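The values are calculated or read from the model by the stated rules, or taken from the named source; none is laboratory data. Being a predicted model, the structure only gives us computed values, none of them experimental. FYI the Cβ positions are ideal-geometry reconstructions off the backbone, even for glycines, and counts take in every protein chain you see.
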Amino acid sequence: MTQLTELTLAAARDGLASKAFSAVELATAFNKAIEAANPSLNAYVVTTPEKALEMAAASDARLKAGNAGALEGIPLGIKDLFCTEGVRATACSNILGEFKPTYESTVTSQLWRDGAVMLGKLNMDEFAMGSSNETSRFGPVVNPWKRQDGANASLTPGGSSGGSAAAVAADLCLGATATDTGGSIRQPAAFTGTVGIKPTYGRASRFGIVAFASSLDQAGPIAKTVLDSAILLESMCGHDPKDSTSLQIPVPDFAAAVARGVKGLKIGVPKEYRVDGMPEAIEKLWSDGIAWLKDAGAEIVDVSLPHTKYALPCYYIVAPAEASSNLARFDGMRFGTRVEGETLTEVYEQSRAQGFGNEVKRRILIGTYVLSAGYYDAYYLRAQRVRTKIAEDFRLAWQKCDALLTPTAPSAAFGLGEKSDDPIQMYLNDVFTVTANLAGLPGISVPAALDSQGLPLGLQVIGRALDEETVFAVAGVLEAQSGFNAKAKSWW
Amino acid sequence: MAVDANTVRRVARLARIHEPDSRLESLAGELNTILGWIEMLNEVDVEGVEPMTSAVETTLPLREDVVTDGGNSQKIVANAPRSADGFFVVPKVVE
């Protein structure tokens, strides 16, 4: 029998239902795996082994009584951006100190409602600002995958949801929560050979998730398979009166859509996503993806999204502007760490200077600058107009196709420290993912090939607003046709 | 619109982040690099284009104007750096 930790979420659910093993046995296996692996991978910043066993015991009782939920007994990891009652949540920033929320985020409360079991909190870039996990107060997560060149370099799992992606890839949970503001679910999924989906803006409640850029932030899962991600997403989504931007529409049966197939669908290939210097392996994967979908009965159409190249600069006005406003609440008064001083202003300025890391400060300063008197029109308002043009590109594309196929990221996982000196090089990681955030559209990353160094690469599917089902259908075909089943070889 | 050390000092003050004088020049350089890259947006013709304010077209819902929650003062101050009797304790601001 395979180790319990190596099961997919769907297989574990079947095993629990057929009493092949208990939820307590499953949680125990994960507790042990985490204890052994975490010193090397640094994926978890808090572990909650006792809570896991307690929740698993309650799951076993419900399984026995025949009233199991959709995720009964399934052990999950939670990104540190989510508030979890009584369990430290810091967004991996020093400014939150030892903050223990006295309430639960809506998304995690829905997972517990459905019977899931909590293993701990997962590492991430500070306030989700980063693409490599290097801005975390707890140090970066190490990618379970290694290059095959024998040099044994430590690679980034991507970011900001690097802990979530690494934990799933290394079998340290059956699935994880994550969030995506510019690519923070999809890029780490691509770097670790896992599946990650960001739903349509408004599908999942943002209540209890530490806010970064409120018009872009969305929660979603990272999981081992497309089906697992669909099962998790269904539980995470739904209307919440506590988030005024959460949509009042029913959540479809996402899992059923995975096997729907692509016969008769039109898949758009945007020419602007072919960027200079893209590695050959990614070019090849993209053409393979096109061929797989064609084989499965889809029609491929060329489309143009002419404003694509403006998406990242647009994002680097909108996101820092919203962040500078959201992060104003961290002032050392009500929660987190306070640095005492002579005057109130000094307390604010010193608490924030010492509490925030350099990347977060840089973004707050940019955001404050672009919103400040005299610059608002030139920067912020112009960016919001460009954002309208980017969303219009997609609206026009949907007249010709049902979903778009692109690479997820412009490279495979890179080495820790390789890009940390140049912010713009780091920002370019999100070149293919950020457009979906600006337009509010659902996007998934599916692992579909290994490059010449043996590192995983992902394909991205972007769909119409609220059409996650088509996204899952296309992703299901890519997963099946690619036959991708590679795993990182354990060294931890 | 190049940013200089004085602008950085002013913006840092607005953002309530202390930046020592020794950091202002290098921060100005970093911000200018990023702002220079962002200037690319000036190429886009946005004449007559409405600014996007929401990713999905929807109207903000209204709820009944009634109390739905409360009586949680101990929970609210539970994480305060300093608190007393269910209040936040902050530096004196009124003489």
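Considering (1) surrounded by fewer than 24 Cβ atoms within 10 Å (Cβ to Cβ); (2) within 24 Å of A:LYS271 (Cα to Cα), say which one A:ILE462 fails and leave the rest. Condition not satisfied by A:ILE462: (1).
Taking every residue in segment A:134-148 that is basic (Lys, Arg) and pairing it with any residue that is buried (at least 22 other Cβ atoms within 10 Å of the Cβ), at least 6 positions away or on another chain, the pairs with Cβ-Cβ distances below 6 Å are A:ARG137/A:CYS92; A:ARG137/A:SER93.
From the list A:ALA473, A:ALA413, pick out the single residue that is among the hydrophobic types (A, V, I, L, M, F, W, C) and in a loop (DSSP other than H, G, I, E, B). Reasoning before the result, please.
Details: A:ALA473 fails: in a loop (DSSP other than H, G, I, E, B).
The unique qualifying residue is A:ALA413.
Yes/no matrix, rows are residues, columns are (1) more than 18 Å from A:ALA321 (Cβ to Cβ); (2) of a type in the set (Val, Ile, Thr):
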position: B:ALA5; (1), (2): yes, no
position: B:VAL11; (1), (2): no, yes
position: B:HIS18; (1), (2): yes, no
position: B:GLU25; (1), (2): yes, no
position: B:LEU31; (1), (2): no, no
position: B:ASN42; (1), (2): no, no
position: B:ASP45; (1), (2): yes, no
position: B:VAL56; (1), (2): yes, yes
position: B:ASP69; (1), (2): yes, no
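Selection within segment B:39-85: residues that are of a type in the set (D, E, K, R), surrounded by 12 or more Cβ atoms within 10 Å (Cβ to Cβ) and outside any loop (DSSP other than H, G, I, E, B). The member of this set that is nearest to the other protein chains (Cβ to nearest Cβ) is B:LYS75. A:GLY367 meets the conditions (1) buried (at least 20 other Cβ atoms within 10 Å of the Cβ); (2) assigned to a loop (DSSP other than H, G, I, E, B); (3) not β-branched (Val, Ile, Thr) in every case but one. The failed one is (2). Checking each residue in segment A:87-110 for being surrounded by 24 or more Cβ atoms within 10 Å (Cβ to Cβ) and either facing chain B (nearest Cβ under 8 Å) or assigned to a loop (DSSP other than H, G, I, E, B) (or both) picks out A:ALA89, A:THR90, A:ALA91, A:CYS92, A:SER93, A:SER105.
For A:ASP149, the requirement of being acidic (Asp, Glu) and at pLDDT below 95 is met.
If the condition is being closer than 30 Å to A:GLU469 by Cα and facing chain B (nearest Cβ under 7 Å), then segment A:361-403 contributes A:GLN384, A:ARG385, A:VAL386, A:ARG387, A:THR388, A:LYS389, A:ALA391.
Taking the criterion of being under 24 Å from A:GLN350 (Cβ atoms) and touching a Pro at 6+ places or on another chain (Cβ under 6 Å), no residue of segment B:1-38 qualifies.
State whether one or more residues within segment B:26-38 are of a type in the set (Asp, Glu), over 30 Å from A:ASP422 (Cα atoms) and either facing another protein chain (nearest Cβ under 7 Å) or assigned to a loop (DSSP other than H, G, I, E, B) (or both). I'd like the intermediate steps shown before the answer.
Step one: filter segment B:26-38 for residues of a type in the set (Asp, Glu), giving B:30.
In the following step, the residues that additionally are over 30 Å from A:ASP422 (Cα atoms) were identified as none.
For segment B:26-38, residues of a type in the set (Asp, Glu), over 30 Å from A:ASP422 (Cα atoms) and either facing another protein chain (nearest Cβ under 7 Å) or assigned to a loop (DSSP other than H, G, I, E, B) (or both): absent.
Residues that are hydrophobic (A, V, I, L, M, F, W, C), at the interface with another protein chain (Cβ under 7 Å from one of its Cβ atoms) and over 22 Å from A:GLN354 (Cβ atoms) do not occur anywhere in segment B:4-16. Of the numbered criteria (1) farther than 23 Å from A:ASP114 by Cα; (2) at pLDDT below 95, the one A:GLN248 fails is (1). B:GLN74 satisfies every condition listed in (1) under 20 Å from the mean Cα position of the chain (by Cα); (2) under 27 Å from A:LEU96 (Cβ atoms) except (1).
Out of A:VAL195, A:VAL210, A:VAL168, which single residue is more than 28 Å from A:GLU85 (Cβ to Cβ) and of a type in the set (Val, Ile, Thr)?
Working: A:VAL210 fails: more than 28 Å from A:GLU85 (Cβ to Cβ); A:VAL168 fails: more than 28 Å from A:GLU85 (Cβ to Cβ).
Of the residues listed, the single one that is more than 28 Å from A:GLU85 (Cβ to Cβ) and of a type in the set (Val, Ile, Thr) is A:VAL195.
Taken over segment A:157-210, the residue count meeting the criterion of being outside any helix (DSSP H, G or I), among the hydroxyl-bearing types (Ser, Thr, Tyr), more than 10 Å from the chain's Cα centre (by Cα) and more than 14 Å from chain B (Cβ to nearest Cβ) is 1.
For the condition within 14 Å of chain B (Cβ to nearest Cβ) and basic (Lys, Arg), what is the one hit in A:LYS242, A:LYS224? Before you say what the answer is, go through the steps one by one.
Details: A:LYS224 fails: within 14 Å of chain B (Cβ to nearest Cβ).
It is A:LYS242.
Highlighted here are the helices (runs of 4 or more DSSP H) found entirely within segment A:237-347 that include at least 1 residues which are more than 24 Å from the chain's Cα centre (by Cα): A:280-295. Exactly one of these conditions fails for A:ALA373: (1) part of a helix (DSSP H, G or I); (2) out of contact with any helix residue (DSSP H, G or I) (no Cβ under 7 Å at 6 or more places or on another chain). Give me its number. Condition (1) is where A:ALA373 drops out. For beta carbons closer than 6 Å, sequence separation of 6+ or different chains, a first residue in segment A:304-315 that is within 13 Å of A:ALA436 (Cα to Cα) and at the interface with chain B (Cβ under 8 Å from one of its Cβ atoms) and a second that is among the small types (Gly, Ala, Ser) and surrounded by 22 or more Cβ atoms within 10 Å (Cβ to Cβ), the qualifying pairs are A:CYS314/A:ALA383. Of the conditions (1) of a type in the set (A, V, I, L, M); (2) free of Cβ contacts under 8 Å to residues at least 24 places away in the same chain; (3) part of a loop (DSSP other than H, G, I, E, B); (4) surrounded by fewer than 16 Cβ atoms within 10 Å (Cβ to Cβ), B:ALA2 fails just one. Which one is it? Condition not satisfied by B:ALA2: (2).
Tell me, please, whether a residue that is within 14 Å of chain B (Cβ to nearest Cβ) and surrounded by fewer than 17 Cβ atoms within 10 Å (Cβ to Cβ) can be found in segment A:69-85. If you could, list the steps in order and put the result at the bottom.
Filtering segment A:69-85 for residues within 14 Å of chain B (Cβ to nearest Cβ) gives A:83-85.
Next, only the ones that are surrounded by fewer than 17 Cβ atoms within 10 Å (Cβ to Cβ) stay: A:85.
Yes, the conditions are met somewhere in segment A:69-85.
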